[in-house]
Each structure stands twice: as structure tokens, then as C-alpha cells.
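One structure is given here, and the rest of the page talks about it.
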Amino acid sequence: MRAPGPAAGLVADHCHKLIGLLGPAAESTLRDIVAQCGQPLRVLLVGDVSTGKSTLLNALLSDSRAETAFKETTSRVTWYHGPHLGALGLPDPSHRAVAAGFPLADRLVLGDSPGLNTSSENPDETRRMMGGGDLAGAAAAFVCVLGTGLVSGLWAKHLEGLAALSAGPFDLVGNMVLVMAKIDLIDDDIGNLERRTRDSTPLAFRFAGVNQLMAAAARTGAVDGRTLAVLDALRALPSFEAWPPESWPEVADDLSGLFSDTDLKAFEDSVGAPELLPELVRATADMDHPSAVAAVFERMSGLAALESVLADIAEDADLFTTTAVLLRLRRLAARLPDDPAAQVRSAIAAVTSSRQYQDLWPRAAARLMRHTSVGDGLDPDDLDTALRLLSGLTCPPAAAAAALTRWSARSADPFADSRTRHLARLVQDAALRVLAEPGSEETP
């Protein structure tokens with residue numbers, strides 16, 4: 001497991017001291033903040049019932065841990081974590097923890113939550129973790145699994161609440177991921193789908209489209225010898241070149257007598273829409289091992305793009321976790337009596353005035369440049385240099401000197417908005433640090 005970030009570690013130190021001072025009214029929140037600051041980034045999956053959220057979770061876990069069905073199956077929040085963490089601190093006693101060795105287990109703790117669109121009381125457990133809930137901030141990032149189509153009015157409201165919750169003083173973006181589920185059922189390419197989704201909400205978010213069925217099949221061992229046999233049979237059909245088939249019953253008719261209904265249903269449940277069959281059949285030609293075919297399933301599923309986004313978010317776990325836990329502390333102070341509230345606010349002030357906290361600003365600025373219109377209109381090389389400087393990556397002195405000149409002009413532009421000027425000053429400061437390093441031949 002990665003060590004806690006410097007800023008989150010500082011928050012944990014202050015909360016440790018407060019536990020013995022504030023009494024039982026604050027103890028559970030403070031203890032969980034300490035736990036959160038020492039864990040990999042907490043990421044909560046949220047979505048409606050039957051959008052494929054649990055299937056997606058199984059794919060991310062590379063194991064069939066979450067129950068799946070076209071009905072409400074998730075009744076409480078469950079956190080999946082790497083076995084190396086031992087006993088996991090949880091936001092609430094009603095939550096549960098499950099150890100699982102999944103690909104991103106050293107970077108993330110993945111939470112599954114009840115669907116939001118049912119009349120049962122289960123969605124209340126999810127709402128507690130979202131904007132306005134009493135556990136808001138206990139998850140530092142969100143994967144919002146949407147059904148096919150655009151973002152609905154109700155989901156836009158949920159997303160606005162999450163964005164307001166997540167922003168914090170940094171105007172932070174980049175920790176909210178929209179996953180368009182069941183992309184095999186959408187008659188559009190992924191680029192158009194993303195543009196249409198972005199047009200339906202003004203919020204800044206990360207985006208991925210995933211065929212959960214193919215992703216889960218690839219990761220959970222559902223691609224086996226039976227899968228290869230069905231693909232071989234499809235490849236041998238005289239009617240293959242006339243495809244795609246219009247329905248799975250049509251496929252079953254073509255394979256009548258060769259496979260049992262159970263085998264064909266298992267194949268259907270691992271592929272999704274039958275329109276994918278021509279590409280799948282061609283892509284797996286001459287493959288004689290399930291692992292090779294599973295790799296094709298995974299590529300076609302889009303899961304790798306989502307995991308890449310999650311890994312990128314985890315790179316700034318200190319930034320996202322610190323923002324989330326400070327939100328929790330501010331909310332705690334708001335509900336405490338005056339004296340204990342003052343102690344919590346004093347701890348917050350100590351953190352936000354620290355070097356560890358100030359070092360988060362450039363990382364937040366880099367996120368804004370990557371994922372909002374702030375970076376629009378910049379020369380690609382200029383943007384790349386600014387991002388390298390803000391992210392603390394290696395930058396040649398000559399490039400830093402040129403960036404200092406350009407961004408100094410932007411910070412002094414009286415017509416620029418305050419956010420742009422602030423970002424420009426952060427790039428200036430980062431460039432000056434590079435130029436002050438021993439061995440730099442440039443002078444500021």
C-alpha cells in the first residue's frame with residue numbers, strides 16, 4: 001500500500017489529538033477520518049438499479065464478488081480493499097468490508113452502494129455518502145454508472161451535488177467519473193457518446209464507456225472452452241458474412257443442435273448485444289486458448305480506459321483525500337458546541353496554513369488545466385510545460401524560463417479572471433523553483 005500523503009497525514013495527526021479532547025459526539029467521525037487518511041483513495045460506485053453497477057464492480061475486482069441481477073440486490077455499502085490492509089476502518093457501522101486482491105488494490109478502496117432509483121430504504125445509505133448526506137466526504141472520488149442515453153435531470157442534480165461536495169477551496173475537478181453503461185446497446189461511437197453526454201451537463205467530469213458484460217467475462221473466468229467452441233461454430237456458419245444478426249434468438253437458431261440452451265445463454269451473457277459478434281468472431285480467429293480470447297473481450301469492453309482514469313485519479317490521492325476529510329471536519333465543527341467546534345476549526349486552520357497543504361495547490365491547478373476549459377487556447381507545448389511544472393515533473397530550464405515569461409504576462413493581465421491569474425501565479429512559482437535548482441543555466 002502507498003503511504004499516506006503528507007497533507008492527509010497531517011490531518012490524521014491533528015485528528016488523533018482531537019479524539020481525546022472532544023468526547024463521544026465527535027469520536028466516530030474523527031476515527032474514520034484518521035482511517036481514511038491512511039487508506040488508499042476511497043472511490044464509491046453509485047448508480048441506479050439495473051445499470052450494471054455490480055457487474056462493473058466484479059470486472060474491476062476481477063472476481064464475482066457482487067451479486068448481479070435485473071433487480072435491487074445491493075442493500076448496504078460494501079468496501080472492497082486489498083488483503084494487505086488488514087481490518088479496514090469504515091465510515092459507518094452499517095457498512096461492511098471485504099478483502100479482495102484486485103488490480104488497483106494498492107491504489108484504491110472500492111465501495112459498492114445501493115441503487116438510487118428504488119422505493120426501498122436502501123438508497124438512503126447511498127445518499128448519506130453524497131452531497132448533503134451525513135457521511136459526505138467519506139468517499140473522495142465517485143464513479144457514477146449511468147444507464148444508456150444522456151444524463152437525466154435527476155442525475156444532473158445528483159452530479160451537481162457531488163461536484164459542489166468535491167470542489168473544496170481548490171475548485172477541484174477530476175475525481176468524478178461518468179461511466180456510460182452497456183455501450184453495446186447504444187448505436188453510436190464512444191466519441192460522439194462522450195460529446196453528447198458533456199453537452200447535457202455543464203459539469204466537469206471524466207468519462208468512460210464500458211460493456212460490463214464483456215469486461216466481467218474477461219476478468220472473472222467466464223471466457224472458457226465453451227466460449228471458444230461457440231466462436232468457432234459461428235465462424236463456420238455459411239451465413240456469417242451476411243451478419244450482424246438482429247437478435248440472440250436468431251443466433252440460437254443458426255446454432256441449433258450444436259449447443260445447449262445453457263451454453264448459449266452463458267455466451268450471450270458474456271457478450272452483450274449480438275451486433276458485436278462479427279467483430280468478436282474476426283478478432284479471435286486462429287485463437288485456441290481462452291486467455292487470448294479473454295484479452296479480446298477485455299479490449300472490446302473499454303474497461304482498460306476506465307482503469308486508466310482511476311489510476312490517474314489515484315496519483316493525486318493526497319489532494320482528493322485531504323479535500324474530502326477537511327470537508328468532513330468543517331461539517332463536524334458546524335454541529336458541535338462552540339468550544340469543541342473552535343478546536344476543530346483551529347486544527348483545520350493549522351492544516352490549511354501548512355506547507356503540506358500549500359503544496360497541493362499546483363496539483364489542483366494541473367487538474368483544472370487538464371479537465372476544464374482553462375487550458376483551451378493554449379499552445380500544446382505551452383500547456384504541456386505548464387502541466388509538467390505544476391505536477392513536479394522534470395522540466396528543462398530553458399522551457400521553464402520561457403514558461404515563466406508567458407505565465408507572468410498572464411498573471412498580470414487585468415482582463416483575465418481571478419482563477420486564471422491564480423493558476424498563472426502557480427505556474428510562475430513552479431518555474432522559479434526549477435530555475436533556482438543547482439545546475440540551472442537560466443536565470444529568472
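The values are calculated or read from the model by the stated rules, or taken from the named source; none is laboratory data. Computed from a predicted model, the values in this text were never measured in an experiment. Note: ideal-geometry Cβ built from the backbone for every residue, glycine included; neighbour counts use all protein chains shown.
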Selection within segment 262-299 - at pLDDT 95 or above and either of a type in the set (Lys, Arg) or touching a Cys at 6+ places or on another chain (Cβ under 6 Å) (or both): 299
Among the candidates 202, 238, residue that is exposed (fewer than 13 other Cβ atoms within 10 Å of the Cβ) and within 26 Å of the chain's Cα centre (by Cα): 202
Within segment 33-60, tally of residues that are among the aliphatic types (A, V, I, L, M) and either more than 17 Å from residue 139 (Cβ to Cβ) or not assigned by TED's automatic domain parsing to the domain that holds residue 123 (or both): 2
Long-range neighbours under 8 Å by Cβ, at least six apart or interchain, first residue within 14 Å of residue 378 (Cα to Cα) and at pLDDT 90 or above within segment 409-426, second surrounded by 15 or more Cβ atoms within 10 Å (Cβ to Cβ) and not aliphatic (A, V, I, L, M): 424/407; 424/408; 424/410; 424/411
Yes/no for residue 197 being under 30 Å from residue 160 (Cα atoms), among the β-branched types (Val, Ile, Thr) and part of a helix (DSSP H, G or I): yes
Single residue of 315, 307, 298 found to be under 21 Å from residue 179 (Cα atoms), surrounded by fewer than 16 Cβ atoms within 10 Å (Cβ to Cβ) and under 29 Å from the mean Cα position of the chain (by Cα): 315
Some residue of segment 201-208 being outside any loop (DSSP other than H, G, I, E, B), outside the structural domain of residue 419 (by TED's automatic domain parsing) and without any contact (Cβ under 8 Å) to a residue 12 or more places away in the chain: no
Of all residues in segment 374-402 being polar (S, T, N, Q) and over 20 Å from residue 168 (Cβ atoms), the one that is surrounded by the most Cβ atoms within 10 Å (Cβ to Cβ): 385
Where a residue in segment 351-378 is touching a residue at least 60 places away in the same chain (Cβ under 8 Å) and its partner, wherever it lies, is basic (Lys, Arg) and surrounded by fewer than 16 Cβ atoms within 10 Å (Cβ to Cβ), with Cβ under 8 Å and at least six apart: 368/419
Single residue of segment 369-397 satisfying the filter (farther than 16 Å from residue 428 by Cβ and in a helix (DSSP H, G or I)) that is modelled with the highest pLDDT: 384
Members of segment 120-145 found to be over 15 Å from residue 164 (Cβ atoms) and either of a type in the set (Asp, Glu) or at pLDDT below 85 (or both), listed by number: 120, 121, 122, 123, 124, 125, 134
Scope segment 334-347; condition surrounded by fewer than 19 Cβ atoms within 10 Å (Cβ to Cβ) and assigned to a helix (DSSP H, G or I); matching residues: 334, 335, 338, 339, 340, 341, 342, 343, 345, 346
